[in-house]
1. Go through the range 19-67 and give me each residue that's of a type in the set (S, T, N, Q) and touching a residue at least 60 places away in the same chain (Cβ under 8 Å).
2. If we scan the range 79-92, do we find a residue that is buried (at least 16 other Cβ atoms within 10 Å of the Cβ) and among the charged types (D, E, K, R)?
3. Residues in the range 25-42: is at least one part of a loop (DSSP other than H, G, I, E, B), under 18 Å from Ile122 (Cα atoms) and of a type in the set (Asp, Glu)?
4. Quick check, is Arg118 open to solvent by 80 Å² or more (accessible area, probe 1.4 Å) and either within 28 Å of Ala144 (Cβ to Cβ) or hydrophobic (A, V, I, L, M, F, W, C) (or both)?
5. With the checklist (1) closer than 26 Å to Glu140 by Cα; (2) open to solvent by 10 Å² or more (accessible area, probe 1.4 Å) in hand, flag the one item Gly112 doesn't pass.
6. In the range 1-18, how many residues are in contact with a strand residue (DSSP E or B) (Cβ under 6 Å, 6 or more places away or on another chain) and either surrounded by fewer than 17 Cβ atoms within 10 Å (Cβ to Cβ) or outside any helix (DSSP H, G or I) (or both)?
7. Across the range 25-51, what is the total count of residues that are more than 8 Å from the chain's Cα centre (by Cα), open to solvent by less than 60 Å² (accessible area, probe 1.4 Å) and not small (Gly, Ala, Ser)?
8. Condition test on Asp146, is it surrounded by fewer than 18 Cβ atoms within 10 Å (Cβ to Cβ) and closer than 25 Å to Phe12 by Cβ?
Amino acid sequence: MVEANASEWARFGIEPGWSFAIRHRVRWSECDPFGHANHRAYFEWFEEARNRYLETVGLAPLSPDNPGPVIAETGIRYRRPLAYADEILISARAVRLGHTSFDMEYAVWRDGLCALGRAVLILVVNATGEKTPLPPRLREGILARDDCAG
């Protein structure tokens, strides 16, 4: 998946308020027997968008000693079905920053909104499972991209 450029946003119908999006083509393996993109594919797309977004805003590379995001809650509202070979954009943004947690939203776009997702993430040190505060570099990177997250 490749980060989308600004000229693609209008073509896919991305609404204002989003700051990051990646391109994707729906794969055959992501479809169910009825030819629709399967619900699990959306979670995988959101995961890829989240990881790429967090890399862009300054999350340190994951390791046992570096904190990483753990999903505490997630959900999706489906608006329109997608099918094999559909060209889509998947957007991601932070909408709330806490001390050790943050909320993100994701969306899938093709001729407008197809699905809207959300997740509550907690920053955890993988080696210990301990919650940890958001590092200043990560907080600043998120706020620079998504000022509504403050």
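The values are calculated or read from the model by the stated rules, or taken from the named source; none is laboratory data. Note that this is a predicted model, so its numbers are computed, not measured. Neighbour counts run over all protein chains shown; Cβ positions are idealised from the backbone, glycine included. Remember, those area values only see protein heavy atoms, side chains included, never the ligands or the DNA or RNA. Shrake-Rupley method; radii C 1.70, N 1.55, O 1.52, S 1.80 Å.
1. Keep residues of the range 19-67 that are of a type in the set (S, T, N, Q), which gives 19, 29, 38, 51, 56, 63, 66.
Within the range 19-67, Ser19, Thr56, Ser63, Asn66 qualify.
2. Yes, the range 79-92 contains at least one residue that is buried (at least 16 other Cβ atoms within 10 Å of the Cβ) and among the charged types (D, E, K, R).
3. Initial filter on the range 25-42 (part of a loop (DSSP other than H, G, I, E, B)): 26-27, 32-35, 38.
Filter again for under 18 Å from Ile122 (Cα atoms), leaving none.
No.
4. Values: open to solvent by 80 Å² or more (accessible area, probe 1.4 Å): yes; either within 28 Å of Ala144 (Cβ to Cβ) or hydrophobic (A, V, I, L, M, F, W, C) (or both): yes.
So Arg118 fits the description; yes.
5. Of everything listed in (1) closer than 26 Å to Glu140 by Cα; (2) open to solvent by 10 Å² or more (accessible area, probe 1.4 Å), Gly112 misses just condition (1).
6. Narrowing the range 1-18 to residues in contact with a strand residue (DSSP E or B) (Cβ under 6 Å, 6 or more places away or on another chain): 1-4, 12-14, 18.
Now narrow it down to the ones that are either surrounded by fewer than 17 Cβ atoms within 10 Å (Cβ to Cβ) or outside any helix (DSSP H, G or I) (or both): 1-4, 13-14, 18.
The total comes to 7.
7. Within the range 25-51, the subset more than 8 Å from the chain's Cα centre (by Cα) is 25-44.
Imposing the further condition that a residue be open to solvent by less than 60 Å² (accessible area, probe 1.4 Å) reduces the set to 26, 30-32, 35, 37-38, 41-42.
This time we only want the ones that are not small (Gly, Ala, Ser), so: 26, 30-32, 38, 42.
Number of matching residues: 6.
8. Judged against the criteria, Asp146 is not a match.
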